[in-house]
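J.: There's a structure below that I have some questions on.
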Amino acid sequence: MTKLMMIDGNNLIYRAFYGITAPLQTADGRPTNAVYGFMLMLLRLLQDEKPTHILVTFDAGKVTFRHETFSEYKAGRQKTPPELSTQFPLLKELIEALGIKQYELANYEADDIMGTLARLADEQECETIIVSGDQDVLQLASAHVRINLLKGKGVGDVLPHGPEQIMERFGLTPLQIIDLKGLMGDSSDNIPGVPGVGEKTALKLLHEYGSVENLLENTDKLKGKLKERIEDNKESALLSKKLATIFREVPLPLEWDELAYGGADREAAVPVLRQLQFNSLIEKIPYADGEDGAETDEDPFAEPAPKAADRPPLDVRIADEDTLGELAEFLPRVSVIHAETHGDNPHHAELVGLMLHGEERYDYVPFELLKSPQAAPILEWLEDPEAPKNGYDLHRLDLVLHWHGIAFAGAAFDSQLAAYLIDPTETATNVSGLAVKYELPALTEDDEVYGRGAKFAWPEAETLAAHSARKAEAIEAIIPKQRELLERFEMNRLFFELEMPLSRILADMEKQGIAVNPEDLEKLGGEFEIEIKRLQSEIYAHAGMEFNINSTRQLGEILFDKLGLPAKKKTKTGYSTDAKVLEELAPQHEIVQIILQYRQLAKLQSTYIEGLLKEIRPETRKVHTYYRQALTATGRLSSQYPNLQNIPIRLEEGRKIRKAFVPSEPGWTILAADYSQIELRVLAHISDDAGLKDAFLHDMDIHTKTAMDVFGVTREEVDSNMRRSAKAVNFGIVYGISDYGLSQNLGITRAEAANFIEQYFAVFQGVQQYMHDIVEEAKKDGFVKTMLERRRYLPEIHAKNFALRSFAERTAMNTPIQGTAADIIKLAMVQVDAVLNERGLKSRMLLQVHDELVFEVPEDELELMKTLVPETMEGALKLSVPLKADVSFGANWYEAK
DNA sequence: CAATTCACG
DNA sequence: ACGTACGTGAATTGA
């Protein structure tokens with residue numbers, strides 16, 4: 001069975017452009033939203049229709065044979081926006097890479113090509129689907145040709161139109177669609193039609209007279225204004241009909257076999273998708289059918305993409321017990337190390353082997369071999385801090401080796417960290433992605449070597465070694481390019497003196513872990529459980545029925561349909577039931593407050609009691625988080641498996657969780673030190689605002705001081721409400737203020753919020769100047785920087801879309817502040833670590849929570865640490881205002897507050 | 001797998 | 001008129 005699908009490429013890319021508003025772009029800032037939307041649609045069509053032959057047609061150039069008939073054809077059309085026109089070559093490249101035939105022909109439009117092919121297909125009784133958003137193509141429908149008309153705007157669903165559906169919808173045959181256009185005209189193509197005749201009138205006339213020609217012969221039967229209009233526009237109607245007629249005799253040099261499609265060529269498609277940063281689509285590309293797809297592989301039009309297998313083979317060796325001795329001698333010349341591992345959590349990941357690459361050699365060492373006595377020199381080399389190692393994500397490698405009983409040291413250049421500094425919003429998450437970014441030959445994806453999800457299986461050593469060698473080869477090629485960029489961006493100190501040393505410190509903290517008492521959690525969980533049960537039954541009683549309170553849908557039905565409470569806010573999928581909404585509803589029905597309490601406890605129970613219990617290692621009673629050092633856009637760390645940066649503190653019930661976090665040795669103490677107002681202090685420094693600096697130089701309560709200045713009152717006159725407002729304004733300033741955001745936060749009107757902001761800027765003029773200047777800087781450079789030269793690109797600063805541009809502007813204001821604060825605590829960590837080592841202290845740094853460091857400290861070091869830690873933190877970076885760190889300690893993290 | 005909600009700084 | 005506060009991770013529901 002053959003099935004031909006033809007796609008109006010121009011039409012689809014336009015709809016995708018206006019339908020997908022997400023700010024998608026390539027690494028170098030070219031927009032890709034339309035290409036993305038096109039791909040989504042294409043993938044859906046492939047899945048739904050499973051065509052055996054495909055053609056994507058485009059309009060070639062501006063002028064067609066229709067202009068000879070009517071020079072004004074398509075006149076007055078808006079010029080294609082440049083953000084879209086740049087996407088045409090990207091789309092065409094992608095279609096080619098997917099192995100799909102595309103065609104355009106001078107003087108003809110996409111419609112004409114499709115019409116001609118549809119005629120041929122119809123004659124051969126070949127099932128044919130035409131995809132477009134343009135109603136014109138409905139004229140092509142026939143017994144074998146169906147039109148999938150795009151619904152609404154954007155690239156959502158399609159409405160299939162055969163002759164029956166057209167009859168049902170318009171009461172017309174497909175060919176009468178041409179008459180319809182002749183009468184109605186088409187403003188987008190500048191086809192005039194008959195002025196004053198729209199769809200309704202045109203349909204009425206056609207139902208009566210059948211065709212434009214017949215209508216014109218019978219104008220005497222019409223009356224009034226309509227008769228006048230039609231008689232006055234006879235020629236226009238006939239011309240319009242001619243223009244709307246799709247030409248079905250285009251000379252096509254296409255061969256049927258050229259259109260055959262047997263599934264995507266992933267080898268060719270994946271690199272292109274990566275370049276477009278469509279990482280999420282990669283898994284959605286269906287594999288070519290290996291057996292019967294063979295004949296479609298010989299597409300003469302498709303440019304052969306560079307394939308890993310086509311390149312000269314590498315000198316890959318698989319080590320065994322006999323060759324380990326020789327390999328040991330080679331170690332000093334190893335430049336890149338790469339581990340083949342499996343699993344997201346590095347504390348639990350499997351390790352199957354190591355690739356050691358230097359000069360032209362690639363040595364693969366199966367993990368098992370490292371246990372043999374002959375491997376001792378390799379283990380020594382691995383843990384030698386003086387033996388430098390380069391690689392991709394050495395932090396992770398360190399952890400995986402650690403849990404396999406192997407020590408690691410000497411990380412010199414981590415390509416993942418370099419990539420992160422060069423562009424922290426970089427989406428490349430593995431070596432393959434990086435290879436694409438640096439324009440190296442494509443690598444085979446890990447998924448293709450290993451299989452994904454349940455299908456995962458380690459391949460044989462030869463396959464693994466070859467795959468690993470290609471990655472090591474790529475890393476080797478990427479590093480010099482990164483060195484150059486780091487140099488050019490003046491990031492050498494940030495990289496070599498901050499991020500690289502920090503990476504080892506983080507690994508140490510993670511390996512150390514923090515002790516958590518499961519008994520404490522279980523006891524607290526038991527109390528929560530009783531309360532949750534009680535709240536649950538109260539909720540059921542109030543609702544008059546049982547339902548799943550955790551289901552927002554069911555909860556919404558109960559609150560807003562059954563109990564009739566007023567819906568405040570809608571989400572994409574129904575009623576919103578978030579805490580803000582519920583708090584507004586609380587006065588209206590008793591059940592609401594109970595639901596809020598239930599939500600709070602359910603969250604504590606599932607995430608922090610049950611979730612944390614699962615992460616405790618029974619042998620050591622410790623949890624080991626994993627800090628992602630190359631993830632956030634601002635330079636902060638993030639914490640996973642478990643996240644120890646969001647342990648409850650704001651509400652007392654949750655705060656009790658912290659009692660379970662204890663020292664791992666008897667007699668020791670938990671000590672915590674946190675920066676006070678670090679972001680506002682950074683702002684004071686960066687903005688050089690006199691008032692803000694003065695406030696910190698005198699160590700004033702910054703929110704009270706802000707309230708005094710904004711409201712023009714004395715210290716004594718500042719009430720709690722004024723301080724609260726001032727605090728919200730200060731937060732807003734750090735986030736990149738907007739009146740709307742502040743109004744939402746304070747529950748005041750936008751005008752009132754705008755007034756606050758105006759007052760604030762009148763007082764803190766240096767801050768106002770900074771906010772202005774930083775946005776200008778972002779516009780000029782395309783990025784903003786922190787004090788330590790960390791950068792973040794903001795391409796959307798130029799967006800025409802207000803929301804996108806505003807977001808970029810707020811980000812420009814916030815990132816240097818949040819990012820510099822992140823720089824500072826990272827500096828402090830490196831310095832604290834150095835001091836602990838220099839002094840030979842036993843105290844250990846365990847956690848970082850953005851502005852806080854947590855340690856465990858033996859009795860005899862407590863007094864020292866109480867001054868050493870805050871002093872080091874305060875001296876981490878010299879600003880024009882003092883940094884301040886508060887320290888506290890206790891038997892557990894709850895007490896160290 | 002997306003959407004919703006909520007925990008933290 | 002537009003429509004969000006900045007930065008994260010995890011659990012749950014319901015396709």
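Please treat every number below as a calculation from the coordinates, not as lab data. Owing to the predicted nature of the structure, the values given are computational and were not obtained by experimental measurement. Positions of Cβ are generated from backbone atoms using ideal geometry, with glycine treated the same way; all protein chains shown enter the neighbour counts.
J.: Rounded to the nearest 0.05, what FRET efficiency do A:Asn492 and A:Lys878 give with R0 = 25 Å and r taken as the Cβ-Cβ distance? Could you check?
T.: Details: r = 20 Å, r/R0 = 0.80.
Efficiency computed from Cβ-Cβ geometry: 0.80.
J.: Average projected area of the Cα convex hull of the stretch A:773-868, in nm²? It would help to have the intermediate numbers written out before the result.
T.: On the way: hull surface 30.0 nm².
So the Cα hull casts an average projection of 7.5 nm².
J.: Where Rh is the Kirkwood radius over the Cα pairs of chain A, the temperature 37 °C and the viscosity 0.692 mPa s, what D in µm²/s does Stokes-Einstein return? Walk me through the numbers on the way to the answer.
T.: Values: Rh = 32.7 Å.
In µm²/s, the coefficient is 101.
J.: Further, regarding this structure: Just to confirm the number: angle between the C-alpha axis of helix A:500-512 and the first principal axis of chain A, 0 to 90 degrees, nearest 10?
T.: Value to nearest ten degrees: 70.
J.: Let me ask you something else. Along the Cα→Cβ direction, 7 angstrom out, place labels at A:Ser888 and A:Asp28. What is the inter-label distance in nm?
T.: 5.3
J.: Right, here's the next one. Show me the ranking of peptides A:854-865, A:25-36 by mean Cβ neighbours inside 10 Å, starting with the highest. The partial results should precede the final answer.
T.: Working: A:854-865: 17.5, A:25-36: 20.2.
Output ranking for A:854-865, A:25-36: A:25-36, A:854-865.
J.: Could you put A:Arg396, A:Arg750, A:Arg333 in order, starting from the residue whose Cβ has the fewest other Cβ atoms within 10 Å? Spell out each step's value before the answer.
T.: Values: A:Arg396 22, A:Arg750 14, A:Arg333 11.
If I rank by nearby Cβ atoms, fewest first, I get A:Arg333, A:Arg750, A:Arg396.
J.: A follow-up question, please. Hand me the GluC sites (Glu not before Pro) from the stretch A:379-452 located in a DSSP loop with no more than 14 other Cβ atoms within 10 Å, in residue order please. Mind showing how you got there, number by number?
T.: Numbers: sites: A:Glu380, A:Glu383, A:Glu386, A:Glu426, A:Glu439, A:Glu445, A:Glu448; in loops: A:Glu386, A:Glu426, A:Glu439, A:Glu445.
Here the GluC sites (Glu not before Pro) that fit, given the DSSP loop and packing criteria, are A:Glu386, A:Glu439.
J.: Just how far, in whole angstrom, is the stretch A:5-73 from the stretch A:570-596 if you go by their alpha carbon centroids?
T.: The stretch A:570-596 and the stretch A:5-73 have Cα centres spaced 43 Å from each other.
J.: I need to check one value: relative contact order of chain A, counting alpha carbon pairs closer than 8 Å and at least 6 residues apart, in percent.
T.: Values: 1447 pairs, mean separation 78.6, N = 897.
Value for chain A: 9 percent.
J.: Within straight cross-link reach of A:Lys866, meaning Cα distance under 18 Å, which aspartates and glutamates are found once same-chain residues fewer than 8 apart are removed?
T.: Filter leaves A:Asp674, A:Asp833, A:Glu838, A:Asp851, A:Glu852, A:Glu856, A:Glu874, A:Asp886, A:Glu895.
J.: Continuing with this model, one more query. What is the distance in Å between the Cα centres of the stretch A:312-375 and the stretch A:214-230?
T.: That distance is 87 Å.
J.: Continuing with the same structure: If you take every residue apart from A:Ala672 with its C-beta less than 12 Å away from the C-beta of A:Ala672, what net charge results, scoring Lys and Arg +1 and Asp and Glu -1?
T.: -3
J.: Given R₀ = 51 Å, FRET efficiency for A:Lys523-A:Glu386 by Cβ-Cβ distance, to 0.05?
T.: On the way: r = 49 Å, r/R0 = 0.96.
Computed FRET efficiency for A:Lys523 and A:Glu386 comes out at 0.55.
J.: Explain nothing, just compute: Karplus ³J(HN,Hα) = 6.51 cos²θ - 1.76 cosθ + 1.60, θ = phi - 60°, for every residue of the stretch A:763-768 in order, whole Hz, x for Gly and Pro.
T.: Values, residue by residue: 7, 9, 6, x, 5, 4 Hz.
J.: Another question about this same structure. Would you mind ranking A:Asp134, A:Asp688 by Cβ crowding within 10 Å, fewest neighbours first?
T.: If I rank by nearby Cβ atoms, fewest first, I get A:Asp688, A:Asp134.
J.: If you don't mind, another one. Using alpha carbons only, how many degrees (0 to 90, rounded to 10) separate the axis of helix A:518-543 from the longest principal axis of chain A?
T.: 40
J.: To the nearest 10 degrees, how steep is helix A:266-275 against the longest Cα principal axis of chain A, on a 0 to 90 scale?
T.: Tilt of helix A:266-275: around 70 degrees.
J.: Is any residue of the stretch A:566-588 close enough, with backbone N under 14 Å, to a label point placed 7 angstrom from the Cα of A:Glu557 along the Cα-Cβ axis, and if so, which?
T.: Only A:574-575 pass the distance filter.
J.: Oh, and also: Using the Karplus curve 6.51 cos²θ - 1.76 cosθ + 1.60 with θ = phi - 60°, work out ³J(HN,Hα) for each residue of the stretch A:134-141 in order, rounded to whole Hz, and write x for Gly and Pro.
T.: Residue by residue, the stretch A:134-141 yields 9, 4, 3, 6, 4, 5, 8, 5 Hz.
J.: A further question follows. Once the cut-off is 25 Å, how many percent of the Cα-Cα pairs in the stretch A:45-157 end up in the long-distance tail? Walk me through the numbers before you get to the answer.
T.: Values: 1742 of 6328 pairs.
Percentage above 25 Å: 28.
J.: With a cut-off of at most 10 other beta carbons within 10 Å, and DSSP calling the residue loop, which trypsin sites (Lys or Arg not before Pro) in the stretch A:779-844 qualify? Please list them.
T.: Numbers: sites: A:Lys779, A:Lys780, A:Lys785, A:Arg790, A:Arg791, A:Arg792, A:Lys800, A:Arg805, A:Arg810, A:Lys826, A:Arg839, A:Lys842, A:Arg844; in loops: A:Arg790, A:Lys800, A:Arg839, A:Lys842.
Here the trypsin sites (Lys or Arg not before Pro) that fit, given the DSSP loop and packing criteria, are A:Lys800.
J.: Now a separate question. So, counting K/R as plus one and D/E as minus one, what does the shell of residues with Cβ under 11 Å around A:Gln769 add up to? Spell out each step's value before the answer.
T.: Working: positive: none; negative: A:Asp688, A:Asp689, A:Asp773, A:Glu776.
Net charge in that neighbourhood comes out at -4.
J.: Still on this structure, please answer the following. Extension gain A:Lys568-A:Thr620, at 0.36 nm per residue separation less the Cα-Cα distance, in nm?
T.: Numbers: separation 52, 0.36 × 52 = 18.72 nm, distance 4.88 nm.
Contour length minus the Cα-Cα distance gives 13.8 nm.
J.: Give the long-range amide H neighbours of A:Ser664: residues separated by 5 or more places, or on another chain, with amide H under 5 Å away, using H modelled in the peptide plane at 1.01 Å from N.
T.: A:Ala515
J.: For A:Asn548 paired with A:His404, estimate the spin-label separation in nm (one decimal), with each label point 7 Å from Cα along the Cα-to-Cβ line.
T.: 4.0
J.: Where a ≥ b ≥ c are the square roots of the eigenvalues of the C-alpha gyration tensor, would you call the stretch A:515-658 rounded, which needs a/c under 1.5, or, failing that, prolate if a/b is larger than b/c, or oblate? Don't skip to the end; give the middle numbers.
T.: Values: a/c = 2.77, a/b = 1.61, b/c = 1.72.
It is oblate, given that a/c is not under 1.5 and a/b is not larger than b/c.
J.: Roughly how many nanometres apart are two label points built 7 Å out from the Cα toward the Cβ at A:Ala579 and A:Asp322?
T.: With each label point 7 Å from Cα toward Cβ, the separation is 6.7 nm.
J.: Kindly provide the pair-distance distribution of the stretch A:647-712 built from C-alpha pairs, with 10 Å bins from 0 and whole-percent values in order of increasing distance.
T.: Reading upward from the zero bin: 16, 31, 21, 24, 7, 0.
J.: Moving on to the next point. How much net charge surrounds A:Glu484 when only other residues with a Cβ under 15 Å from its Cβ are counted (Lys, Arg +1; Asp, Glu -1)?
T.: -1
J.: Return the calculated 222 nm mean residue ellipticity for chain A, to the nearest 500 deg cm²/dmol, obtained by summing -39500 (n - 2.57) across DSSP H runs with n ≥ 4 and dividing by the residue count.
T.: Details: 37 runs with 409 residues, N = 897.
-14000 deg cm²/dmol, from helical runs alone.
J.: Taking R0 as 30 Å, what's the FRET efficiency between A:Asn646 and A:Leu864 from their Cβ-Cβ distance, rounded to 0.05?
T.: Numbers: r = 31 Å, r/R0 = 1.02.
Result of the calculation: an efficiency of 0.45.
J.: Given the Cα atoms of the stretch A:311-488, and with Rh set as the inverse mean 1/r over their pairs in the Kirkwood sense, what is Rg to Rh to two decimals? Don't jump to the answer; show the numbers that get you there.
T.: Working: Rg = 15.5 Å, Rh = 16.5 Å.
Dividing the radius of gyration by the Kirkwood radius yields 0.94.
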